[in-house]
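Here's the structure, in structure tokens; my notes come after.
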Amino acid sequence: MPKRGENIYRRKDGRWEGRIKINCGSDGKTRYKSVYGKTYKSVKEKLIQIKSEQPSVNTSSCKTVQILFDEWLAAVRLRVKSSTYNNYRMKIQKHILPEFGDIRYDKLDVNMIHDFISEKISSGLSEKYVSDIIIVFKSMAKYMSRIYGFKNVIADAVLPRNSVKETPVLSGEQQNILHKYLTGNMNSTALCILLSMYTGIRIGEVCCLMWGDIDFENNTLSINKTVQRMQNTGLSSTTLVIGSPKSKSSSRIIPVPSFLQEILREYRKSPDTYILSECSNITEPRTLQRRFKTILKKAGLPDVNYHSLRHMFATNCIKIGFDVRTLSEILGHASVETTLNRYVHSSMSRKIECMNMMTPAV
């Protein structure tokens, strides 16, 4: 008699039928084969014979890239922030799946990945962004190798060399003009721009900053949350999401410069209100970005991104003698390398100043 799980049963016409899994098809889906016989025993023998003749193949490696990414995303969603998950999903849907989604994973090779990298860079994407896409691909492949044990077919794919482009920043004179404009036209927006300019906090962090985050006794501010607009899963709509800072090291306490302490005390509001919106409703980053652009235009200054304030802060700190470790912790970086590589810029005047410190050996 058939045993539970054997997938052998008696048909209405009196014959016996057995079904067995065979190798997956080009679409990554498992295929089944049916065999027939007059007796249960004959069908079982046929199934055993078919099973013995099948090559030993890890069916997971035959799945399409899309199927494997769906599985990986479901797993990674349990351990990363929603913003990180959405970032992964966007790169996968926009770049990886249109090129590789229908391809069986075991048919991938390193050359296909390298051709993909070249094509993306030629289309105008930066080396850094393309590297981020490939890192997502490699993460999925590594996970599947660990879970299923089949070969990581893209482990040897070489990431493009990142050519670091310096973020445009205002000169020292231009920063003075901006400072004078802000202090001469003080409001909640100007105050938040000054906070970013002189503490290096990110745009999402300053939008989330509440008066209750300012410790007026110890003259510090606490960064414990950030806000960003994220795309809803499976939808074209977006939602404004308040969450934890970018990384563990991004949660930090920053001493406030003395001149800013005086301004904060002058404009101090209720602890449960946001500094930027001056109420209990948050203002999103793109609104602050637009206001910043308007202020630059009114002040007769070049058009730079709000994030350049963070770069200017880091560069100015190094110039006046901050040690890199202290600066790194104020910026909320996990390592000093990030601080040096991304946020410290040396102007030509500073280079000349440093070189003129050289004296002849005696």
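Below, the figures for the structure above:
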{"item": "Reachable lysines, given that their alpha-carbon falls under 20 Å from the alpha-carbon of K298 and they are not under 8 places away in the same chain", "result": "K180"}
{"item": "Length-normalised contact order of the chain in % [C-alpha pairs under 8 Å, at least 6 apart]", "result": "12 percent"}
{"item": "Cβ crowding within 10 Å averaged over residues, with 143-152, 325-334 ranked highest first", "result": "325-334, 143-152"}
{"item": "Relative contact order (%) - the stretch 65-148, alpha-carbon pairs under 8 angstrom, separation at least six", "result": "44 percent"}
{"item": "Whether the chain is rounded, prolate or oblate, judged on the alpha carbon gyration tensor where a/c under 1.5 counts as rounded", "result": "prolate"}
{"item": "Cα-Cα over 20 Å, subset of K33/K63; K81/K225; K63/K107; K128/K151; K91/K225", "result": "K128/K151; K91/K225"}
{"item": "From the C-alpha gyration tensor of the stretch 172-347, square roots of 5λ in Å", "result": "23, 20, 19"}
{"item": "Label-point separation in nm, S258 to S34, each point 7 Å along Cα→Cβ", "result": "8.8 nm"}
{"item": "Relative contact order %, the stretch 172-347, counting alpha carbon pairs below 8 Å whose residues are six or more apart", "result": "26 percent"}
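Coordinate-derived values only; no laboratory data. Because the structure is predicted, anything quoted here is derived from the model rather than measured. Quick reminder, even Gly has a Cβ in these numbers, built from the backbone with ideal geometry, and neighbours come from all protein chains shown.
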